[in-house]
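A quick write-up on the structure given underneath.
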Amino acid sequence: MSNLNRSVQRCLAVLRSFRREPKQTLTGIAAETALPHPTVLRMLATLEEEGYVRRDQGLWTLTPQILEIGFAALHSMGVDQFVQGALQELADEFSGIANLGEKNNDEVIIIARATGAGEQRSLFILNQRVGNTLPSSSALYQALNQEEEGWSLNRYPDHHLVSVGIPVTRGEPRSLALGISVSLSAFPDDRIKNELVPRLRSTRQELRRLMHLGDI
């Protein structure tokens, strides 16, 4: 006999649908989740009663109360202000976008990120934030499979960015990777190898200490 609860699964599907579009109609959520309209409406009404969603002129949105769950999850993953501070130092030093990601099936989910002041526009273009996932083709995901001294690299000419990633931990219970996206024109191969990668490694050691993680 299965211990799965279909109602919980459906409610989670409704919540996940907001990743695609922050403001949605009932019809849009039903189409996204492949659930009947009455089921979706029942889930939304329950979430509204509990304070996690609101509706305004036919559009449904998440409320700030959902952050309670998100912040609790981040704390349980070892992400606190000290981890965030280490990422911010890295991002500021290279005017880049620093990400800490954890493997999630065939993707990597961003569990912490920091943006240097010079990369605010790139952040807007890429539309990435904590909770987003990156595909297996990304440098952050590819870094998960690297050895201790290995690193991965992807160039994104359309965004004028290059992304570099290194592993933090591998295998059970967690697979984590650290990465940074920087200006493609400002970071040729020699600067990536001689400046960026060594700095990523020093940040990795700091993150391991802060998150009480062992070496690979």
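If you average 1/r across every pair of different Cα atoms in the chain and take the reciprocal, what Kirkwood value do you get, in Å?
Taking every pair of different Cα atoms in the chain, averaging 1/r and inverting gives 18.8 Å.
With a ≥ b ≥ c the root eigenvalues of the C-alpha gyration tensor of segment 6-63, is it rounded (a/c under 1.5), prolate (a/b larger than b/c) or oblate?
Values: a/c = 1.39, a/b = 1.14, b/c = 1.22.
Taking the square roots of the gyration eigenvalues as a ≥ b ≥ c, segment 6-63 is rounded.
When ranked by the protection proxy of mean other Cβ atoms within 10 Å per residue, highest first, what sequence do the peptides 92-99, 134-141, 29-36 form?
Listed from highest to lowest mean packing, they are 92-99, 134-141, 29-36.
Whole-Hz ³J(HN,Hα) for each residue in segment 156-162, computed from phi via Karplus 6.51 cos²θ - 1.76 cosθ + 1.60 with θ = phi - 60°, x for glycine and proline: what do you get?
Whole-Hz 3J(HN,Hα) from phi for segment 156-162: 10, x, 4, 9, 6, 10, 10.
Okay, helix-only estimate at 222 nm for the chain: each DSSP H run of n ≥ 4 adds -39500 (n - 2.57), divide by all residues, round to 500 deg cm²/dmol; what do you get?
-11500 deg cm²/dmol
Could you tell me how far the Cα centroid of segment 151-195 sits from the Cα centroid of segment 3-22, in Å?
For segment 3-22 versus segment 151-195, the Cα centre distance is 32 Å.
In segment 6-63, with Lys and Arg counted as +1 and Asp and Glu as -1 at Cβ, which of these residues, Leu35, Pro22, Gln57, has the Cα nearest the positive end of the dipole, that is, farthest along it?
Leu35
No lab work stands behind these numbers, since they all come straight from the coordinates. Since we're looking at a predicted model, the values are computed, not measured. Every residue, glycine as well, gets a Cβ built from its backbone with ideal geometry; the counts of neighbours run over all protein chains shown.
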